[in-house]
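Here the structure is laid out as structure tokens; the discussion comes afterwards.
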């Protein structure tokens, strides 16, 4: 096992990519998958991903096989080992293992079991006793930096990276930065099982620090109703929204008091992509649906608690989509608390949640009028 430094991998190499269970992470992984296919057109490319994004993974033309590392069913661990052994037997030894979820202990443990010749991303050593050293090249050692979202990070790597956008960092890690445009996200989609409203909104996120006040959403919905625009609420099933995504009673209150259409839990991710593709506009906090809507080309407004310089509740320098169909809010409040905490906090660290509270509904409403009038 050696750190990958851009070496040619020979004829028809077997490449295995390890992905995340987070929707946004998967979406920004698609450029590096296309870059690998462009650089190694005869390669067999496998993907060890998530049950959550499995429908997307199966539909990507750049992948030849896939399996899940997070299957919760009984016996899944043994089945995963058997599946990986079968893929190595069918396609030969793994020349390159690319871990795009490199701080996940499980994916880092899986890499040495693949017995790859080269490794890019997080991994245990071949004997599984320690972490594999990052390597000395900037495309390797940046993984050891703690502040990927900061302006200082971009300055340190200005000679190598053009930005600190996560999709570019993935491409740099795999040495395919010259083979694909990392800002060009492409996603497959499927027909949704309902008539798509004019506007889709997504209000919740796993980090409470990124939630916009529900009374502000109400003002946006009142304007939409006054203009005769239909609005649908997307997300996980209602129980999951409350349990894992900080919905509380906010979404139920909006549904009871407005003309908002409840579409939560009614789509697969590919069907959600199809719904976003058909919508006239999508408004979302910093969460997976934001990245899906951005990727399918729909006018998308990101409600994030960040000021004009990118400082705030979300790591926008790292994660905000770079495509032209996306605009983000600009908060009048500047707060460094989340950045200083490396965005590890769930709830807001400052009384009153000023960064999100300072995003006035008028910002969202004026943007929406431009899209629909």
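Listed values, structure above:
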read-out: Qualifying residue in segment 5-13 (condition: touching a helix residue (DSSP H, G or I) at 6+ places or on another chain (Cβ under 9 Å), in a loop (DSSP other than H, G, I, E, B) and closer than 16 Å to residue 180 by Cβ); value: yes
read-out: Some residue of segment 221-229 being within 16 Å of residue 290 (Cβ to Cβ), in the same structural domain as residue 360 (by TED's automatic domain parsing) and in contact with a helix residue (DSSP H, G or I) (Cβ under 9 Å, 6 or more places away or on another chain); value: no
read-out: Elements of type helices (runs of 4 or more DSSP H) contained in segment 55-156, each with 1 or more residues being touching a helix residue (DSSP H, G or I) at 6+ places or on another chain (Cβ under 6 Å); value: 138-141
read-out: Answer from 294, 287 - the residue that is under 18 Å from the mean Cα position of the chain (by Cα) and closer than 14 Å to residue 327 by Cβ; value: 294
read-out: Test: residue in segment 346-355 that is surrounded by fewer than 16 Cβ atoms within 10 Å (Cβ to Cβ), on the phi > 0 side of the Ramachandran plot and within 22 Å of the chain's Cα centre (by Cα); value: no
read-out: Residue under evaluation residue 178, criteria (1) assigned by TED's automatic domain parsing to the domain that holds residue 355; (2) within 30 Å of residue 141 (Cα to Cα), criterion not met; value: (1)
read-out: Residue 303 being touching a residue at least 24 places away in the same chain (Cβ under 8 Å), crowded, with 24+ Cβ neighbours inside 10 Å, under 30 Å from residue 188 (Cβ atoms) and assigned by TED's automatic domain parsing to the domain that holds residue 203; value: yes
read-out: Qualifying position, being more than 19 Å from residue 353 (Cα to Cα), in the same structural domain as residue 301 (by TED's automatic domain parsing) and surrounded by fewer than 22 Cβ atoms within 10 Å (Cβ to Cβ), among 253, 189; value: 253
read-out: Qualifying residue in segment 296-312 (condition: closer than 16 Å to residue 217 by Cβ and out of contact with any strand residue (DSSP E or B) (no Cβ under 9 Å at 6 or more places or on another chain)); value: no
read-out: Cβ-Cβ under 9 Å pairs, at least 6 apart or on other chains, segment 1-27 side without any contact (Cβ under 8 Å) to a residue 12 or more places away in the chain, far side assigned to a loop (DSSP other than H, G, I, E, B) and surrounded by fewer than 20 Cβ atoms within 10 Å (Cβ to Cβ); value: none
read-out: Single unsatisfied condition, residue 217 versus (1) under 18 Å from the mean Cα position of the chain (by Cα); (2) in a helix (DSSP H, G or I); (3) buried (at least 24 other Cβ atoms within 10 Å of the Cβ); value: (1)
read-out: For residue 155: the one exception among (1) within 27 Å of residue 308 (Cβ to Cβ); (2) surrounded by fewer than 20 Cβ atoms within 10 Å (Cβ to Cβ); (3) in contact (Cβ under 8 Å) with a residue 60 or more places away in the chain; value: (3)
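Each row is one residue, and each column tells you yes or no for (1) out of contact with any strand residue (DSSP E or B) (no Cβ under 9 Å at 6 or more places or on another chain); (2) modelled with pLDDT under 95.
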{"position": "169", "(1), (2)": "yes, no"}
{"position": "191", "(1), (2)": "yes, no"}
{"position": "205", "(1), (2)": "no, yes"}
{"position": "212", "(1), (2)": "no, no"}
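The values are calculated or read from the model by the stated rules, or taken from the named source; none is laboratory data. Since we're looking at a predicted model, the values are computed, not measured. Cβ coordinates were reconstructed from backbone atoms using ideal geometry, including for glycine residues, and neighbour counts include every protein chain displayed.
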